[in-house]
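**Q** Got a structure for you, written out below as structure tokens; questions coming shortly.
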Amino acid sequence: MVLTTVQGRFVPVEEASDSGRFLTGSYEPGAGRAESTEEKKTVTTAVTESKHGGTGGAVPVAARARQVVKAYGSGETRVVALDHVDVDIHKGAFTAIMGPSGSGKSTLMHCLAGLDTVSGGQIFLDETEITGLKDKKLTQLRRDRIGFIFQAFNLLPTLNALENITLPMDIAGRKPDAEWLNRVVETVGLAGRLKHRPTQLSGGQQQRVAVARALAARPEIIFGDEPTGNLDSRAGAEVLGFLRRSVDELGQTIVMVTHDPVAASYADRVLYLADGRIVDEMWNPTADQVLDRMKDFDARGRTS
Ligand SMILES: Nc1ncnc2c1ncn2[C@@H]1O[C@H](COP(=O)(O)OP(=O)(O)OP(=O)(O)O)[C@@H](O)[C@H]1O
Ligand SMILES: [Mg+2]
């Protein structure tokens, strides 16, 4: 059974979907801007709306994007990577972001994680607005409240697994919570490998070290950009299984960009991006359902 949190409680995703409405339906993308002559597109805002009068919201939200625009370049070379994106990332849930190459997945993740600035709109981490924060504050916030897992594991070759896991906290001058660290190491199944250096570990094990490193500091939210993109399917399944357990057993919030329907099926929710917009979402997905939805988008010409 897939669980998520509603008002601090773990509940099945189906029940969570009942207690709040996740789709605010369609709106006209042109509203408030110059009218487009293109065929009208149905655009989804993946924002939680409370049934109970809108005070407080039914589902705790870890991060929010409001009308986020990200444009690169100017004039003829201007590329709009994110086009007025509204999204709520639910606390204690595993969210996957999918979409064709160039649709804005990495850009959205980088903006949500404060790794990149926005051209317009607002990003909130819990109640903190991160858009507009000065560099120093932003660096501090990323260090203290956000974890990252990259496609290339980014482990330091001269440090063993345990040293790699605790490195960010060592840099920040924080002492790891021993009990928590044990639990993380147990959950990732690395207890027997802590003294090994990255070159002595398999790809899957290295990525699990990177996942443990992200979890060890107990960040509010972990972002992964194709964290299993460099792994074979068995090692990928190991890491995904672990990410899933960290949500179910440790209450972690995870956002993962992926191209892989099987990887997406580990998530509670899949958000689909096309042309810098969120065009659809799916709850409690199976790999087949995700694959079907992707084919559907391709058939409608929503490819890059
Ligand atoms: N630094 C940059 N300068 C100019 N354009 C950029 C830059 N970064 C991204 N883009 C453009 O923004 C759009 C979205 O890019 P993004 O990297 O978010 O796509 P993506 O969905 O992650 O794709 P992929 O699946 O290939 O990783 C693309 O059209 C890309 O060319
Ligand atoms: Mg990308």
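FYI, it's all coordinate maths here, none of it is from the lab. Not measured: the values here are computed from a predicted model. Counting neighbours? That spans all protein chains shown, and the Cβs are built from the backbone with ideal geometry, glycine included.
**Q** Between ILE171 and HIS259, how many nm apart are label points set 7 Å from Cα along the C-beta direction?
**A** 2.8 nm
**Q** What list of ³J(HN,Hα) values in whole Hz, one per residue of region 199-208 in order, does the Karplus curve 6.51 cos²θ - 1.76 cosθ + 1.60 (θ = phi - 60°) give from phi, with Gly and Pro shown as x?
**A** Each residue's phi maps through the Karplus curve to give 5, 8, 10, 6, x, x, 5, 4, 5, 5 Hz.
**Q** Karplus couplings for region 157-170 from phi (6.51 cos²θ - 1.76 cosθ + 1.60, θ = phi - 60°), rounded to Hz, Gly and Pro as x?
**A** Values per residue, Gly and Pro as x: x, 8, 9, 7, 4, 5, 5, 5, 5, 8, 3, x, 6, 4 Hz.
**Q** For region 182-259 and region 90-120, write down the distance between their C-alpha centroids in whole Å.
**A** Computed from Cα coordinates, the inter-centre distance equals 19 Å.
**Q** I would also like to ask the following. For GLY147, enumerate residues with amide H under 5 Å from its amide H, sequence gap 5+ or separate chain, H modeled in the peptide plane.
**A** ILE221, ILE222, PHE223
**Q** Would you pull out the residues with amide H under 5 Å of GLY120's amide H, same chain only if 5 or more places away, H placed 1.01 Å from N?
**A** Placed amide hydrogens put VAL69 under 5 Å from GLY120.
**Q** Sticking with this one: List the trypsin sites (Lys or Arg not before Pro) in region 189-295 that DSSP assigns to loop (not H, G, I, E or B) and whose Cβ has at most 10 other Cβ atoms within 10 Å. Which are they?
**A** Answer by residue number: LYS195.
**Q** Sticking with this structure for a sec: Can you pull the Kirkwood radius for region 142-265, inverse mean 1/r over Cα pairs, to one decimal in Å?
**A** About 14.2 Å for region 142-265.
**Q** Give a residue-ordered list of calculated ³J(HN,Hα) values for region 146-152 (Karplus: 6.51 cos²θ - 1.76 cosθ + 1.60, θ = phi - 60°; whole Hz; x for Gly, Pro).
**A** Once θ is set to phi - 60°, the couplings for region 146-152 become 10, x, 10, 10, 9, 5, 8 Hz.
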